[in-house]
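As structure tokens, the structure follows; a few thoughts come after it.
The values are calculated or read from the model by the stated rules, or taken from the named source; none is laboratory data. Keep in mind that this is a model prediction, so the values were computed, not measured. Don't worry about glycine lacking a Cβ; one is built from the backbone with ideal geometry, like all the others, and counts go over all protein chains shown.
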Amino acid sequence: MSLTMRTYNEQHTGRIVLQSTGALASAAGNGLCISGGTSAAPVKSATADTNFIDLRFSNTATSGDNRGIYNRLYLSGAGGGGESLRSFTSVNDVAAGTAHGAHISLGFQSSGTVTGLGVGMRGTLHVPDNATFGGTVAALQAEIYHDGAASTLASATHSNLRLVNDGNATGKATHTTWMEVVGSNAVNFKTGSIGGTTKGIRILVDGTVYYIAAGTTCS
């Protein structure tokens, strides 16, 4: 596969278009600023371990919040919606090995460390300084979506949230805590006894089913 990069001035000044040519030719796409391929004719490769876009950066500053990519979308039309980033992996009509919609990591070299907070992925909901703010909001939504009436998870080991302690066996043995709560108060971490209608929230721990007790009252 050969890949060409060119700037368009047909519809949008300075538009960057990536296209594969030859037997794996792709379409130009419809991106406003940067575009490469369409659903019907994507940029293609048959080579294993391919990164279609590969960016590597290094920053030696000793202060500040430094970022490889800063991406921000301003929603400026009433009634509009959307995302700053939409990443979507589609498994075509094949049996894939492993697949992820997105994989985000924080890693350290042998002597690397962090003096403050270090997390693999952070999702922040900014609540405005506005007494009328409303809606249904959350810092994180882990969603399973069923595409149709024939959708079923009956034969799949599944969960909305999967917590994994993995890697070297010696390192794994030092892991002690599955969840940390910071900023609790008397309402969201209440002292009392669970009562009322009680239910059990089903979880899997190393393949064994357990239930976390839940009740309609705490007093």
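Points worth noting:
- Of all positions in segment 140-148, none carries a residue that is more than 24 Å from residue 90 (Cβ to Cβ) and in a loop (DSSP other than H, G, I, E, B).
- Hey, residue 60 at pLDDT 85 or above and either under 26 Å from residue 98 (Cβ atoms) or not in a loop (DSSP other than H, G, I, E, B) (or both) or not: no
- Test for residue 147: is it acidic (Asp, Glu), under 23 Å from the mean Cα position of the chain (by Cα) and over 28 Å from residue 180 (Cβ atoms): yes
- Checking each residue in segment 15-49 for being under 25 Å from residue 73 (Cβ atoms), in contact with a strand residue (DSSP E or B) (Cβ under 8 Å, 6 or more places away or on another chain) and part of a loop (DSSP other than H, G, I, E, B) picks out 27, 28, 29, 31, 32, 33, 36, 37, 43.
- Contact map, segment 138-165: first residue at pLDDT 95 or above, second residue loosely packed, with under 10 Cβ neighbours inside 10 Å and among the acidic types (Asp, Glu), Cβ cut-off under 8 Å, separation 6 or more or different chains; pairs are 160/143.
- Qualifying residue in segment 110-124 (condition: charged (D, E, K, R) and exposed (fewer than 10 other Cβ atoms within 10 Å of the Cβ)): no
- All of 170, 174 fail the test of being surrounded by fewer than 10 Cβ atoms within 10 Å (Cβ to Cβ) and outside any loop (DSSP other than H, G, I, E, B), apart from 170.
- Residue-level analysis places residue 71 among those that are at pLDDT 90 or above and part of a loop (DSSP other than H, G, I, E, B).
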